[in-house]
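Read through the structure below, which is laid out as structure tokens, and then see the notes.
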Amino acid sequence: MWSLWHRRNQVRTSSKEYPLSLVAPTASQALADFQRANSSDALQPRSYGQTRNQWTPPVEGEIKVNFDGAQFKDLGKAGLGVIIRNSRGQALASLSEQALLPFSPEIVEAMAAARAISFAQGLGFTSFILEGDSVNVIKAMQSDDESLSPYGHILSSAKSMVVTGSSIKYSHVGRNGNTVAHNLAKHARHVRGFSVWTEDVPPHLSHVIFADHG
């Protein structure tokens, strides 16, 4: 429809020729570009410099907060997962939360990042490493410039919530290094609102956190 309207306006307002035969190929190319830009591989690229594919604990005295998102299209819901761990890999707190499903997978990731910050700060942690497997979200959080992406407003709001004097570092990890947060996000399918576990994770995920770090 846009291609038809664009041709109509070009014919009316421009001296350049715009053959009707170009409308279909232009529309097909635009659709292909859109699908490629919004494919899951484009939204969550697997390379980010030398991307780690295993979770690694922070140094002694530091805290790491991992986040991830999941989509439940059959429910029209999204899942947010957050796990806070210390330098020994021990869970300090974890969260599974259900939210309304937005139109983009990366918006879910941005929502999870924002929730991770508010969750950690709500528990009194003001210095931590925020880690996720969405390279675009991590890059946007690291940047001082305002993101013009569809989820930029979510990240801007998250940054504005950061407590004065806090120290937050940002880290990207491969999907295999974010398995606990990923499973917490998927567990949100079975949660009404949100659930929090103090110094633990849901019982059925105990083996996941053990396998993740031992």
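Taken as a whole, the structure leaves ILE209 outside the set of residues that are in contact with a His (Cβ under 6 Å, 6 or more places away or on another chain) and under 18 Å from ARG52 (Cα atoms). Among the residues making up segment 27-78, those that are modelled with pLDDT under 70, farther than 15 Å from GLU109 by Cβ and in a helix (DSSP H, G or I) are GLN29, ALA30, ALA32, ASP33, PHE34, GLN35, ARG36, ALA37.
Results for (1) without any contact (Cβ under 8 Å) to a residue 24 or more places away in the chain; (2) closer than 19 Å to ILE129 by Cα; (3) of a type outside the set (A, V, I, L, M), shown as yes or no for each residue.
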{"residue": "LEU155", "(1), (2), (3)": "no, yes, no"}
{"residue": "LYS169", "(1), (2), (3)": "no, yes, yes"}
{"residue": "ARG175", "(1), (2), (3)": "no, yes, yes"}
{"residue": "ASN178", "(1), (2), (3)": "no, yes, yes"}
{"residue": "ASN183", "(1), (2), (3)": "no, no, yes"}
{"residue": "GLU199", "(1), (2), (3)": "no, yes, yes"}
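Residue pairs whose Cβ atoms lie under 6 Å apart, sitting 6 or more positions apart in sequence or on different chains, and linking a residue in segment 115-132 that is of a type in the set (A, V, I, L, M) to a partner that is part of a helix (DSSP H, G or I) and at pLDDT below 95, are ILE117/ALA158. Residues that are within 15 Å of the chain's Cα centre (by Cα) and crowded, with 22+ Cβ neighbours inside 10 Å number at least 2 in the following strands (runs of 3 or more DSSP E) confined to segment 126-214: 127-132.
The values are calculated or read from the model by the stated rules, or taken from the named source; none is laboratory data. This is a predicted model, so every value here is computed, not measured. Backbone-built Cβ (ideal geometry, glycine too); neighbour counts: all protein chains shown.
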